[in-house]
Each structure stands twice: as C-alpha cells, then as structure tokens.
1. Are any residues in segment 477-493 in contact with an Asp or Glu (Cβ under 8 Å, 6 or more places away or on another chain) and within 14 Å of the ligand (Cβ to nearest atom), and if so, which ones?
2. Have a look at GLN488, GLN448, GLN453, GLN462 and point out the one that is among the polar types (S, T, N, Q) and closer than 15 Å to VAL258 by Cβ.
3. What number of residues within segment 326-360 are within 14 Å of the ligand (Cβ to nearest atom), in contact with a Gly (Cβ under 9 Å, 6 or more places away or on another chain) and free of Cβ contacts under 8 Å to residues at least 60 places away in the same chain?
4. When you scan segment 387-483 for helices (runs of 4 or more DSSP H) that lie fully inside it, which ones turn up with 1 or more residues that are more than 28 Å from the chain's Cα centre (by Cα) and in contact (Cβ under 8 Å) with a residue 12 or more places away in the chain?
5. Restricting attention to segment 361-383, which residues are near the ligand (Cβ under 10 Å from one of its atoms) and touching a strand residue (DSSP E or B) at 6+ places or on another chain (Cβ under 6 Å)?
6. Residue check: is GLN462 within 18 Å of VAL404 (Cα to Cα) and at pLDDT below 90?
7. Looking only at segment 461-476, count how many residues are of a type in the set (Gly, Ala, Ser), out of contact with any Lys or Arg (no Cβ under 6 Å at 6 or more places or on another chain) and away from the ligand (no atom under 12 Å from the Cβ).
8. All but one of (1) of a type outside the set (A, V, I, L, M); (2) under 17 Å from PHE457 (Cβ atoms); (3) away from the ligand (no atom under 16 Å from the Cβ) hold for GLY322, so report the exception by its number.
Amino acid sequence: MVFDWFRRQFNQPESLTEAPSEAAPEASEPTGEADRTPVEPPTEQQPAEAEAAPASPPAPTPTINPDYLAWAKAAYQNLKQQDHPAAVEEDPGAVSDDLAATVEPTTDDTAVTTSAPQTIAEATPELEPEPAAPAEPPSFFDLAASEREARLEQLTAEAIAEPEPEPKPQPPAIAEPSAPQGLTFDDDFVWSSEVLAAQGRRPEEISIEEIDWLSSLRRGLDKTRRSLVNQLKSAVGQGPLSADAVETIEALLLQADVGVEATDRILTQLQAKLRQEALPPEQAIAYLKQLLQQLLDQPLETSGRYILAPEKGRLNVWLVCGVNGVGKTTTIGKLAHLATKSGYRCLIAAADTFRAAAVEQVKVWGDRSEVDVIANPGQNTDPAAVVFDAIAAAQARGTELLLVDTAGRLQNKKNLMDELAKVRRIIDRKAPDAIVESLLVLDATQGQNGLRQAQVFAEAAQLSGVALTKLDSTAKGGVALAIAQDLQLPIRFLGAGERIQDLRPFSSYEFIQALLDG
Ligand SMILES: Nc1nc2c(ncn2[C@@H]2O[C@H](COP(=O)(O)OP(=O)(O)OP(=O)(O)O)[C@@H](O)[C@H]2O)c(=O)[nH]1
C-alpha cells in the first residue's frame, strides 16, 4: 500500500478532498482518517458573531495526556520494530533500560542525541501523569516544559533496571543525505506524536518521516514560539484585555509578521470572547489558537478543498511561480519527490528559460527526485514552447502531475503577466481537461515583502495557493496568517529545510501547534 503524502493517508482517494467532518475523532479512539483538524475543530466566527461562541471553552492544548504518551510509546515501538525488526524479534518482551539512557529530561527543546536503543519500554496506557508542584506560579512556557519533563522522567523511572546490556554496534550512519535523522524518543518525538494522535492517526501507521517533519517545523518556529507564548500568557487571562494588553498582543503579532489586518481581526475576536467569558490564561491561549486556525482555514474553505492533491488518472498541471531565490526550484524538486513517493507519474517542465542556470538547477532536482525534466536547449527559449512540449510528453506518458517552473523575474509586471498568460493559453488549448493550479512560492523570512510579491503575482497569474518556504531559518512564521487574511490565498505547502523531504502539505492545526504549543 502506498502512502499518499499529499492526502496524508494510505491511498483511499475518493473520500479525501472533502472538508473535514464536524465531529473529529477522539484521540483515544483513532480512526486512521487523516483529518486536517484536531480533536475539537474550531468553528468559523466573525467578530460580530463572537457572542454566539459555543458556551463551553475550547479544549486546552494537549500538553499532558497519558493517552498521548502511550500513543507516542506505541508509535516509537512500532517504528523501532520497522527499523530493527531482528532486535525486537529476538527479545519481544524485553523492557529495556536504554530508553532511560536515551530519554533524558530536558528543559529546552534540544533533541537528545544519544544512541538509538535496541528495544523500548512497553507502552503502559494506565500511566498517570506526575503532579507538578511548582513553588511559585510558573510561566506558561515553563509549565509546558516541566510537564514534558515530568513525562520523560516518568518514562525513565518506569524502565525496569536490568543488567547493563551488551554494547551493540551502532547502526551504520545513513549515507543518503536526505534520509531522516534517526529515531530518538525525545521531546520532539513526544510532541510530534501528540500532534498526530490529536488528528486521529494510529501509532502503527505513522512513519519516521512524519515525526521528522513535525520536529523540523517545530524547531523552525522555536524562537517565535518562545517569545510569543510567554508574553501572550501574561497579557491574557485577566478578564477583558486592558489597553496595555491589547498593545502588547498587537506588538507581538506584528513582530511575528502577522500583518495589520490579521492582527486587528484576531484582537477583535479575542477581546469579544474575553468580554463574554473570563478565561484563565491557558484557555485564553487555546481560544487564540482556534482563532488563528480559523483564519488560516478560511481560504481553504473558500477554495472548497482542504487538500491539494493531484487527481489520479488525469493530467494535473501545477504552475509554480515566485521571484528568484525564494526556493522555487527546490520546492518543485520536493513536490516531485512527494509525487513519486506517493505513486503519481510526474514530469517537470523547465519553463523558467530566462536563466540557463535555472534550467540546470531544475535538472539536478529532477535527478534527485527521479523525475524527467522537459527543457529546450539554449538560453532565452520561449517558455510557452517548453510547456507545449512538456504537455505533449505528459500526454504520451500518462503523466498525472506536470510541475511547471515558470518565470521568476518581477522587474516588469507586464512581461510577467504576458508570459504567464501565454503559458496558460497553451495549457488550455493543448490540455483542456487538465486540472490547473497556480502556486506561488514565498520565502517566509521575507515577511511583509513576500506579501507585496504575492500581490504582484496575484495580478499576473490566477493564483490558487501558496507554498511557504524557509520556515526553518529566521522566519517568524506569522506571514502565513497575513497571506490568508490579506490575500485570501490558501497555503498549500510548507518548506522547512533544504533536504528533499523538507516540504509537506500545509495543516493549519500542525502549524498553529508548532507556533503556539509551549
Ligand atoms: N533553509 C531553507 N532553505 C531553503 C528552503 N527552500 C529553499 N532553500 C534554499 O534557498 C536557496 C534558493 O533556493 P532555489 O530553489 O534555488 O530558489 P529559486 O527560487 O529557484 O531561485 P533561483 O535559483 O535564483 O531561481 C537555496 O540555497 C535553497 O537550498 C527551505 O525551506 N529552508
């Protein structure tokens, strides 16, 4: 069975492009459905409708939940078994104390990098969380960190002491640079597991790549999260927001690149709720998360599709545009990789013909992702001619996803418009039945500048979505909210690293958890 990385589940295409159902599954009763929303999906709510908010407060962020911990342990055991089946088969009932050596309590989010254990402690669903006994009221971030620490300590304590195991040889270093970093039961693993479990996933279904991706996303947003969570926590939770609190939250959101419009909307909605109901800080933050998620989901709802995935058995053409340097070529390579991994027949058209180097770069990514690249030799060839040839090739080969690298220069909006319009005309004429998407690649580190680029491209091309890159570097992440609010464009993919697997379909739930889950 092939895992569809666009749809985030094993291939069952017919039920997948619909909006998530009203009632998401309970985390403790996973259904295997890869819902795009967490256990309690928020409902859309405009400022004027805030009065009509559900009476019950939103579910608190799942920071301590023994079921999630059991889930994480089961997932870890399963992955470990896939990694070293022989070791697990040799001693299936073993409870290893090297988990204790591997899982060291940490107060920061640094991954523990000790050697991978051969076996792990068995999952114990009856686990009780250790009660925290802080001497003085801790900050929200400290509390979340100490909760995680307590859980990890608990795991350590549970590992039954056994004689020192024979030192076993380390698994060989993974030669392929794109391979996941290895399996470690650390804070990132537990957090990523919680996020997957909350979306109804089963521990036996997940892969190390999914954990690896969520960990990268979370680490990428580390800095922003740390500065946001602590200060937000101290600004909310004392009834309606004071003028100072409004100012503080406003400044925090603007500094995180959320943009003026989205910040105004969020503040209005938050204030309306806090006037209606005095929420304690953690619940106020949980409510804020819902608001942010709604904001990100709105363009997805408007588009009618929560998931952008190629339709099987048809030609899907995805035009990929963006200015030079934002990660356009890399994104095309990563999308091609996702497509082939997910069982789609894929082809790339090197239609950014302005620079010869751009064509060469696309070819490198084509080699990496094992996808053919259609290009015209020579510099400054007609991009529309490349697209024409690529469609002919795609039709001859039964290609399902044709990724088109388009012009990246912005110097002359008219040229850009003409070029993109011409490419579009060729597609409409030569492949009238194709499903065409127009994706804009934006560099998240460029903040509001990216937004201005998006405005120009939105005028030149009929954009249908955004791929947001470089969330692992200095990006603050909030620009995702500005894109959704100001441009009403759905974010379709996130890039958080330079490796081929560092791009995944966007999930508003995962993104907001990575941004705000202390
Ligand atoms: N850290 C990080 N770097 C990225 C990411 N995506 C792309 N890059 C890097 O950004 C740089 C530019 O990426 P390209 O894919 O060449 O960008 P482009 O938009 O095609 O730009 P041109 O090659 O100039 O046309 C490269 O060094 C990439 O490795 C990402 O998600 N994270």
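1. GLY477, VAL479 - these are the residues of segment 477-493 that are in contact with an Asp or Glu (Cβ under 8 Å, 6 or more places away or on another chain) and within 14 Å of the ligand (Cβ to nearest atom).
2. Details: GLN488 fails: closer than 15 Å to VAL258 by Cβ; GLN453 fails: closer than 15 Å to VAL258 by Cβ; GLN462 fails: closer than 15 Å to VAL258 by Cβ.
Criteria check complete, one pass: GLN448.
3. 8
4. Details: elements: 413-430, 448-460, 479-482.
Helices (runs of 4 or more DSSP H) meeting the threshold: 413-430.
5. Answer for segment 361-383, where residues must be near the ligand (Cβ under 10 Å from one of its atoms) and touching a strand residue (DSSP E or B) at 6+ places or on another chain (Cβ under 6 Å): just VAL362.
6. Values: within 18 Å of VAL404 (Cα to Cα): yes; at pLDDT below 90: yes.
Answer is yes for this residue.
7. 2
8. (3)
The values are calculated or read from the model by the stated rules, or taken from the named source; none is laboratory data. Here the structure is a predicted model, which means the values were calculated and not measured. Reconstructed Cβ throughout: ideal geometry from the backbone, glycine too, with neighbour counts over all protein chains shown.
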